Structures are given as C-alpha cells and as structure tokens.
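Reading through the structure tokens given below for one structure.
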Amino acid sequence: KISIISQRTRSNILSSLKNNPFNIEQRMNLADQINKMQDSGTRQELNKNTRGAREAINNSSVNKAVKSQIGALVERMKEIKTLKLYREQLDDLNKKAGSLEGKAKEELKNISSAIDKAENLPELSEAKGSLESAKASALGEHKDLIKQLEEILGFKSDMLASRQGSQIKEKLGDSTLSQQTIKELSEMVDEVCAAQDPGDLSQGASQLQEKT
C-alpha cells in the first residue's frame, strides 16, 4: 500500500511538471531528483535527494503558487518514502534479534521498542540516550546492529519532526500574527525539520513551541 501511494505521488509530481511552464532543463533536472528520491535506500540518500528536489523547485522559473504546489508533493513523497524505509529497517532488525542471546537481545528489543513507541521528539531523545549507553555494553559488540538502530532512529526523528512541523504550520495559519512573522516562523519550522540529529530536532521544536 505504501509503495502504491508513493508511486501515485511521484506520478502527480511528474504530471505537474508537464502541465506547468518549466523549461526543458528544469523539468529534466527536477524529474531526475524525484526519481532519485524514489530509488533512495538510506536516510542519507533520501535527505540528499530531497534537498536536490527542493533546490530544483526554488531555482525554477515557475510562479510561487506552482512552486508551493509541487513542493508540497515532494514533502509528501519524502514522508511516504521515510515511512517505507523505516518499516523495512525495523522489520529486518526485529528478525535479526532472533539470532542474539542474553543481554544484547534484551537491549536490542528494548531500544527498538522505545524508538517505535516514541510519540514525540523528547521521547525519541530518551531512546537515543539508551542507544548511546548500549554502545558500551553487550549490544555494543554488534556494530552492524548499532548502525541499523541509528538509521531507524533517524527515520523516526524525521517522521516526528515532519508531523510536529505540520502541526505548527497549521497553528500559524490560524494565528493573528503578521504575514512577515508567519513567514519567518515557517522558515524556522523548515530548518528544524531539516536537522539531522534527534536532539537538535527536539531542542528546535521546543523553541518553536515557545514562539508560537
């Protein structure tokens, strides 16, 4: 189901490219970035290719309304792809847990469960703390599993940041603040959501909540 939704979103973006006055070079560049997003297999690749798509949109010659429309589709595509990769990695990790024994197995299950159950960025930061502590214990001997946990943690941080960012933007839309202030705060939301570290995301999100 996730793959179908992702493919549909990609098709909507490519259709928008055809139906709006991008020049050939801009259209090909953005289509290439969209295809790279679709083919991304890691968080680093997905974030890099998403930045490429954002830059391609911002540097294009179409009007602001079209940029906003296609930009929203790109963000939606990133959210769907992030969820897909997160679930794949989490399922794979849980299967690998079966080959472990003792404390390492218990730590892996506890940390992966804490990440999956985290409902907000502060809770996820606590899971990150547990992961950092585990590096010096039994689980720390399994470097490949630690690395995979960090990747899963990163995907979950992106998902939570995106959700919180959308909530804040919705709140801004209903506020009585000036358009300039709303614009500045919206840009801050985007910067927070682009952060790579769950701790930075949590701190940035808290600061935004205070401002809004």
* Complete set of residues in segment 90-109 that are out of contact with any helix residue (DSSP H, G or I) (no Cβ under 7 Å at 6 or more places or on another chain) and closer than 13 Å to Ala138 by Cβ -> Glu101, Glu106
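Each row is one residue, and each column tells you yes or no for (1) out of contact with any helix residue (DSSP H, G or I) (no Cβ under 8 Å at 6 or more places or on another chain); (2) crowded, with 17+ Cβ neighbours inside 10 Å; (3) touching a residue at least 24 places away in the same chain (Cβ under 8 Å); (4) within 21 Å of Ile4 (Cβ to Cβ).
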position	(1), (2), (3), (4)
Val66	no, yes, yes, no
Met77	no, yes, yes, yes
Glu88	yes, no, no, yes
Ala114	no, yes, no, no
* Quick one: is Leu108 at pLDDT below 90 and either under 30 Å from Lys147 (Cβ atoms) or open to solvent by less than 90 Å² (accessible area, probe 1.4 Å) (or both)? -> no
* Qualifying residue in segment 83-103 (condition: in contact with a Gly (Cβ under 7 Å, 6 or more places away or on another chain) and either at pLDDT below 95 or among the aliphatic types (A, V, I, L, M) (or both)) -> no
* To do: Would you mind telling me which numbered condition in (1) more than 30 Å from Glu25 (Cβ to Cβ); (2) open to solvent by less than 70 Å² (accessible area, probe 1.4 Å); (3) touching a residue at least 12 places away in the same chain (Cβ under 8 Å) Lys103 fails?
  => (2)
* Structure fact -> Condition set closer than 21 Å to Glu101 by Cβ, touching a helix residue (DSSP H, G or I) at 6+ places or on another chain (Cβ under 7 Å) and not hydroxyl-bearing (Ser, Thr, Tyr), scope segment 118-140, selection most open to solvent (accessible area, probe 1.4 Å): answer is Lys135
* To do: Go through segment 115-134 and give me each residue that's over 16 Å from Gln148 (Cα atoms) and in contact with a Gly (Cβ under 7 Å, 6 or more places away or on another chain).
  => Ser125
* Could you list, in sequence order, all residues of segment 49-64 that are open to solvent by less than 40 Å² (accessible area, probe 1.4 Å) and closer than 19 Å to Asn23 by Cβ? => Gly52, Ala53, Ala56, Ile57, Ser60, Val62
* To do: Collect the residues in segment 1-12 that are surrounded by 18 or more Cβ atoms within 10 Å (Cβ to Cβ) and of a type in the set (Ser, Thr, Tyr), keeping them in residue-number order.
  => Ser6, Thr9
* Asked: Where residues in segment 13-46 are hydroxyl-bearing (Ser, Thr, Tyr) and within 25 Å of Arg87 (Cβ to Cβ), which of them is most open to solvent (accessible area, probe 1.4 Å)?
  -> Thr42
* To do: Report yes if Leu201 is under 26 Å from Leu90 (Cα atoms), at pLDDT 70 or above and part of a helix (DSSP H, G or I), otherwise no.
  => no
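The values are calculated or read from the model by the stated rules, or taken from the named source; none is laboratory data. Note that this is a predicted model, so its numbers are computed, not measured. Positions of Cβ are backbone-derived with ideal geometry, glycine not excepted, and every protein chain shown enters the neighbour counts. Accessible surface is based on the protein model in full, side chains and every heavy atom, while ligands, DNA and RNA are left aside. Shrake-Rupley method; radii C 1.70, N 1.55, O 1.52, S 1.80 Å.
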